[in-house]
Every structure is written in structure tokens, then in C-alpha cells.
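Here's the structure, in C-alpha cells; my notes come after.
Read-outs throughout are calculated quantities, based only on the coordinates presented, and are distinct from any laboratory measurement. Keep in mind it's a predicted model, so treat the numbers as computed, not measured. All Cβ positions, glycine included, derive from the backbone under ideal geometry; neighbour counts span all protein chains shown.
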Amino acid sequence: MFRRSAPTCARSASPADPRRALVRRFALGVRGLLGVLVLGIVEPSLAQPTSMAPAARDDERTDDERPSAAEAHPGSFPGVAEWAEAFVQATARHWGGRVTSRPAPSARPTSAQFVEGVGVRVHGGESVPETRLIEALAALEATRARLELEGWPSPLPDAGLGGDDAFDLYLAPTDELATARSDGPASWSLLDADVSHAIVDPALGGEELELAIVDAYVQALTLNLDPAEATTWRRATGAWMAWQHLGAFGPSDAIEQQQRNPGRAWVNDEHGDGGALLLALVSARHDGGTGTFVRDLWQLTRQRTWEGTELRASPDLWECLDVATELAGLRLLDLVTDLSVARFFLGERDDRSAFPSLRGLGPLATPPVTFQASLAQMPVHTRPGEELATLGSGYALVDVRGAPPASRLRVWLRGEYGVRWGLVALRLDAEGRERGRISAPPRRGDHRSYVPVELEPDTATVLVVVTNLSHRLPDADDPDPNGRAWRLILDLVEEGEEDAPTAE
């Protein structure tokens, strides 16, 4: 019996459906292009004679020496290799942010003798007493064990640079008293990391030696975590950790210098040890002084540089602190303003501090007062104060004892243009304890601020805190171009008088 065949194949080849034919022609074209690439790129390279001489790697050649696409694939279809290279370059990821130089590898000090413990070695020259080596070893082992319990990573192995894979500390003369140096990049690490060793001055002994070892060891760890971060931030973190463990900010007097000069930056391209106080204040506020907040900040800074020889410089620690405070429901500007107030109540004033853990820093950690005034001098137009660096602060104290009931102290801030300004006024009682505060929100593009302070009966003095909040985040790798001067206008008004911010 004759049966009619199904017309499916006839329909598929029918010119009535041109889209299917177009798809087939496109597929054939792609297959042809792939064939050209295979025949023009792969086969000629296989046909070339081989050589026993080692070929230079691409990263060992300069841009002038590196062959073009056509030279690398001779005999290929003209223009195809160039087109393929341009396509790869156009679709590859390129870092367009800030970059910084990788830390230069440093030669290790001479080791004439050493003692070793669990995962660590302490080296010294011939003049270093054996008792000093043993003392340093005990401090280093205790530091490593405690930090690992606190969740910090172990140091990266150094491929036997110190004799084995243990972490190496050298007792050798150094101007920094405690420091860490890079041995070069850890090529096996997925993220940017440098192998490192620590150096402590052998002249230190006792508690100073212990402080220096904690400081230097943590600087070495932070080189492992983020070699792109500024050296000054590593020093700040090392000094802060020494205070966490032993109650003192490293073997130097950096904290006293920072407090005696509150207008300078916390951490910049020149100094950073004083930034340890900032980390201590941040830790006390965000993690109760356990240190987990600062530890996690360093983990946030980690990144991978996938092109070029310079390291990605973002995110840095300032950027991570900005994001972390925002996730905590704050702004970095508000945090810095609050800490500018908190640091005033340290040193001789620490019995009134909101952070009991920071008491006992000594009288040299007392910030100076830039301006002082009394009711008898009203109205007051201060002279310009010293320039405040980014996030630096200045202080003024106004004696308001004897002020009429229901009176107000009016405070105007006039800062230089180009930055945002923080202005806070605190009411203090006769014992110097805070009874209330008022602040003016920082405004971009406005160098003026104003606050009225209601003088309650328990008010003896008014503390005015001025902070340069800059117009951008600080960068510890670069000089600070945003230092600005400031001045205050103070006036007293009684009940019923006009209270408008019109002073100039």
C-alpha cells in the first residue's frame, strides 16, 4: 500500500523559511573562522624547529622586546592574530584604581647564632648575649601563641631563608627599634602577600624588649596580609597590639607626641605610630577592646593584583574603616568627631574618660588647649589657630561660671575653604565631667558652622572641639594637601536677646 511520506524534511529545506538557512550559513562561517585560526596559528607553531635554549618569559621582556601577535604566530592569516589579541585586550579586566609599588625585598641581617622554639627562630650577631636571645624567644613564642588564639593568621613560610620554614626574628641594630622587612612576594598565594621577617634592636631589654617583639611581629603579619598598605599603618597596628597585650604603645613615645600635637594627622606618609591610639579608640568602641574589629579590618584590605608589577592600593585601611563603620550604622565623619572628643579626656583628664581601658597613659598624653576665654572677655574673636591636618583637632575652653540664668553661649566656627568642618560644644561641670553636648553637622562646601549652648546651672566650662574632616578620605601613601587654619567667635546672650548666627 502506497503511503505518502511526511513533509518535515521538505519544509526544513524549503526556501519559504529563510531564517533557518541564515542560521546554517552563520554556523558555517564561524566554523570556517575557527579553522583559519587553527590552521594559521597552531600548525605553523608546530612546524617550527624547536630549540634547547630556554625561552625568555613574557614577564621578563620589556615592552619593546615582546613580540607582536604577527611575530608570535608567523604564517597565520593576515590580521587574524592582531584581531584575536585586540579582542582579548578589550574583554580582559583592567584595574583603573590607585596602585602602589611593592615593598622592596630586604637583605636579612647577619646571623651568627640562633635559638629556636615552636615555629619561630631568634637570630643574633656575635655580640648579642645568649640570655638576650633566650629572653626574646620566650616573648616571641608567647606573642605568636596569643595572636593565633585571637584569630590572627600564622606567618607565611619563608622557604628556608632563615634555615628552615620557621618565622625569623633578628636582634640587630635598627633606628625604628622594632620593624619588619619584606623578603619578596609569596608567589604561591592567591592574594597579594609578602614573605617577611622581623627586626628588633638588641639594646632593648625587659619590658621594652617584649613590647618591641609584639610590635615587630605584628608588622610582619600585616606585610603578609597586605603588602600594598602604607608602612605607617603597619607601625600603628604593631604599636596598638603592644598596648593590647602589654599595656604600652610600643617602645617609642609616639602616643605622647600624637596627643601633644592633636592637630596633626593620625596616620600619614610620614608617621603612623600615633595612629595606634586611633585603633585603640576604634576597638574600644566597636568590639569592647577585644581587637576583633581591627583584625577584621586587615582582612578586608586584602586583594589580588592580576596585571602589571605595581600592587592595587585599594581598598586601603581608611576605606575599609569607612565601610565598616557604615555597616555598623555610623558615618566615619561622626566616628572621627566622637573620637576627637574622647581623646581630650586622656592623660591628666582620664578619670573622666568614656574608655576606662585607656586610662593611665600619663600626663604627657594630655592634649593642649588652643584657646581659653572667660565671660569677662565677651565677645571674643580668636586669632587663627594652627593649621589642622586631615582629621586633626583643636580645642578651646570657655569659663562660663557666673553666667546669668537662661543665658546662651554662641559659638561660630570660621575655617578655611576646601574642607568640611566638625564643630562640637560640650557643657562641663565644676569637676570637668560632661553634662551635655551639641554639634553642628559637617556640610560640604561650607566653611562656617554655628552652635548655641544653653548654659544650665551645672555648667562651669564649655569645651569646643574643632575637627578638619577634609573633603575626601585620607591616603596614608601620599602627602596631605588638605591642612587648614581655623578661628572661633564667642558671644554670650541672655534670655530674650536675639540669637541668630549672624556673626562675621
Could you put 461, 131 in order, starting from the residue whose Cβ has the fewest other Cβ atoms within 10 Å? 131, 461
Top positive-direction residue, dipole computed over the stretch 369-493 with Cβ charges, set 398, 476, 376: 376
Can you give me the distance in nm between label points at residue 257 and residue 376, each placed 7 Å from the Cα along the Cα-to-Cβ direction? 4.0 nm
Give me the compactness ratio for the stretch 369-493, meaning the Cα radius of gyration over 2.2 N^0.38 Å. 1.09
Which whole-Hz ³J(HN,Hα) couplings does the stretch 227-244 yield from phi under the Karplus relation 6.51 cos²θ - 1.76 cosθ + 1.60, θ = phi - 60°, glycine and proline marked x? x, 7, 6, 5, 4, 5, 5, 5, 5, 4, 5, x, 5, 4, 5, 4, 5, 4
16 Å cut-off, amide nitrogen to a point 7 angstrom out along residue 299 Cα→Cβ, residues in the stretch 186-210: 191
Hey, quick one: spin label on residue 107, modelled 7 Å out along Cα-Cβ, who in the stretch 200-226 has an amide N within reach, i.e. under 20 Å? 200-202
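Could you estimate the translational diffusion coefficient of the stretch 219-288 from the Stokes-Einstein equation, with Rh from the Kirkwood formula over C-alpha pairs, at 10 °C and 1.306 mPa s, in whole µm²/s? Mind showing how you got there, number by number?
Working: Rh = 12.1 Å.
D = 131 µm²/s.
Rounding to the nearest 20 debye, state how big the charge dipole of the stretch 369-493 is about its Cα centre with +1 on each Lys and Arg Cβ and -1 on each Asp and Glu Cβ.
Computed charge dipole of the stretch 369-493: roughly 440 debye.
Can you order the peptides 359-371, 403-415 by their average number of other Cβ atoms within 10 Å per residue, highest first?
Details: 359-371: 16.3, 403-415: 19.0.
My ranking of the peptides, most packed first, is 403-415, 359-371.
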So how strong a dipole does the stretch 104-157 carry about its Cα centre when Lys and Arg Cβ are +1 and Asp and Glu Cβ are -1, to the nearest 20 debye? 140 debye
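Assuming R0 = 45 Å, what is the FRET efficiency of residue 189 and residue 359, from their Cβ-Cβ distance, to the nearest 0.05? Could the numbers behind the result be given before it?
On the way: r = 41 Å, r/R0 = 0.91.
Computed FRET efficiency for residue 189 and residue 359 comes out at 0.65.
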In whole Hz and in residue order, list the ³J(HN,Hα) couplings for the stretch 141-157 that follow from phi through the Karplus curve 6.51 cos²θ - 1.76 cosθ + 1.60, θ = phi - 60°; x for Gly and Pro. 4, 5, 5, 4, 4, 5, 5, 5, 5, 7, x, 7, x, 6, x, 5, x
Could you give me the ³J(HN,Hα) list for the stretch 124-140, computed from phi with Karplus coefficients 6.51, -1.76, 1.60 and θ = phi - 60°, whole Hz, x at Gly and Pro? x, x, 5, 7, 7, x, 5, 4, 5, 5, 5, 4, 5, 4, 4, 5, 5
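How do 447-459, 261-273 rank on mean C-beta neighbours within 10 Å, highest first?
My ranking of the peptides, most packed first, is 261-273, 447-459.
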The stretch 351-412 and the stretch 258-297: distance between their alpha carbon centers, rounded to Å: 22 Å
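Counting other beta carbons within 10 Å of each Cβ, put 213, 255, 134, 438 in order, fewest first.
Values: 213 31, 255 27, 134 12, 438 15.
Ascending number of Cβ neighbours within 10 Å: 134, 438, 255, 213.
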